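Here is the structure we will look at.
The values are calculated or read from the model by the stated rules, or taken from the named source; none is laboratory data. For clarity, every value in this text was computed on a predicted model and none was experimentally measured. So basically every Cβ, Gly included, is an ideal-geometry build from the backbone, and we count neighbours across all protein chains shown. Surface areas here come from the heavy atoms of the whole protein model, side chains and all, with no ligands, DNA or RNA. Shrake-Rupley method; radii C 1.70, N 1.55, O 1.52, S 1.80 Å.
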Amino acid sequence: MSKIVPVVQEIMSANDSLAAQNRAKLDAAQVVGMNIMASPGAGKTSTILRTIEALAADYRLGVVEGDTANVTIDADKVLAAGMPAVQINTGGNCHLDAVMLSGALAQMPLDEIELLIVENVGNLICPASFTLGTHFNVVIASVPEGDDKPYKYPNIYRGIDALILNKMDLLPYIDFDLAYFRQGIEILNPEAAFFPISCKTGEGVAEWIEWLKVRMASLRPA
Amino acid sequence: MHELPITENILDIAVTYAQQASAKRVTALHLVVGQLSSIVDDSIQFYWDIISKDTLCAGATLHFERIPARLECQECGHTYTLSRELMVCPQCGSARLKVIAGEEFRLESIEVET
Ligand SMILES: Nc1nc2c(ncn2[C@@H]2O[C@H](COP(=O)(O)OP(=O)(O)OP(=O)(O)O)[C@@H](O)[C@H]2O)c(=O)[nH]1
Ligand SMILES: [Mg+2]
Ligand SMILES: [Zn+2]
């Protein structure tokens, strides 16, 4: 006999419920989690290093580095900056998921840190579909990538709290229409905070850090 | 692309529900996929044929119901369906928009033989 069985279940629910466990673990340790997504080379690691530099006097940070290959280049830079880092090799996978983050959290000294930064795999498509359990999401775009990225990769911009536009020092050399770029973001996510910065010159970094501090304070009632 | 882990999720959910229904096999799955969910039907189908082979779902057909993206203007209340390109409100030009449909990605039902 054949029949129809109603299911009505979100396909991503297994990942989402593990993400909820990650969140609970962070909350229990009073750690704020931030997920950073960007295309390869946009400046995720550079921004993380700038952020460590600016916050090191007041906070301890931990960084989870996701990479598709078995390298520790980015994690080594964080360690050299004096903060704990855990490298996740995704085994060729194009994104981090909640299972991978859960493994990394087990290796991270959560009771010694206040801010956990997750550097997702360089990719503008896949990380958007996998929640991790972090408290908020940031995308880093960069000037050389072009001003049409919000139109071509809309999904990544939709669930984010802040958008950093890095490599502003290159603006004079590249045809990048800032107004066009911003209109794409406006359509997708009018609430997102916007920070044009340069990790090279340090321009705009202070505004980003100010926002981050306010965010952290609102998530970690003292 | 991340369609492999996603296809594994679909298989897990279908097998769980089939077992609960004491099904001998699953003949079809009905998936609801929003336009904004960036899921490629063909890759899901490709992985499906491989990973479902030795399971209750072997040979089951995948049906995709596509949901177009609908936006609601937060300025004037106008609702409209998104074409291929991102666009501001066609009525008032506002960019303050809310997605009201198109993010779906769920397994709606399965057809089984008991
Ligand atoms: N001119 C300029 N170059 C920058 C800036 N920020 C980063 N870079 C350079 O861009 C390159 C990539 O920077 P990373 O910080 O490694 O980028 P990433 O996003 O972490 O890269 P992956 O982890 O490989 O995806 C490096 O050569 C940086 O020196 C900037 O503001 N201006
Ligand atoms: Mg990096
Ligand atoms: Zn309108």
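Of note:
- From A:I209, A:I140, residue being outside any helix (DSSP H, G or I) and among the hydrophobic types (A, V, I, L, M, F, W, C): A:I140
- A:A80 vs. criteria surrounded by fewer than 17 Cβ atoms within 10 Å (Cβ to Cβ), within 15 Å of ligand 2 (Cβ to nearest atom) and at pLDDT below 90: no
- If you go through the stretch B:75-99 and pick out every residue that is within 7 Å of ligand 3 (Cβ to nearest atom) and in a strand (DSSP E or B), you end up with 0.
- Neighbours by Cβ (under 8 Å, 6+ apart or cross-chain): first from the stretch B:86-114, within 17 Å of B:I67 (Cβ to Cβ); second polar (S, T, N, Q) and assigned to a strand (DSSP E or B): B:I100/B:T79; B:R106/A:Q9; B:L107/A:Q9
- Among (1) within 16 Å of ligand 3 (Cβ to nearest atom); (2) part of a helix (DSSP H, G or I), the one test that B:Q45 misses: (1)
- Looking across A:I52, A:I4, one residue alone is among the hydrophobic types (A, V, I, L, M, F, W, C) and closer than 30 Å to A:S142 by Cα. It is A:I52.
- Restricted to the stretch B:17-45, and to residues there that are within 9 Å of chain A (Cβ to nearest Cβ) and free of Cβ contacts under 8 Å to residues at least 24 places away in the same chain, the residue that is most open to solvent (accessible area, probe 1.4 Å) is B:Q20.
- All positions within the stretch A:5-28 that are open to solvent by 30 Å² or more (accessible area, probe 1.4 Å) and at pLDDT 95 or above: A:A20, A:Q21, A:R23, A:A24, A:K25, A:D27, A:A28
- Pairs where the first residue, in the stretch A:118-140, is more than 13 Å from chain B (Cβ to nearest Cβ) and the second is assigned to a loop (DSSP other than H, G, I, E, B) and of a type in the set (A, V, I, L, M, F, W, C), C-beta under 7 Å, 6+ apart: A:V118/A:L96; A:V118/A:L132; A:L132/A:L96; A:N137/A:I160; A:V138/A:I160; A:V139/A:I160; A:I140/A:A42
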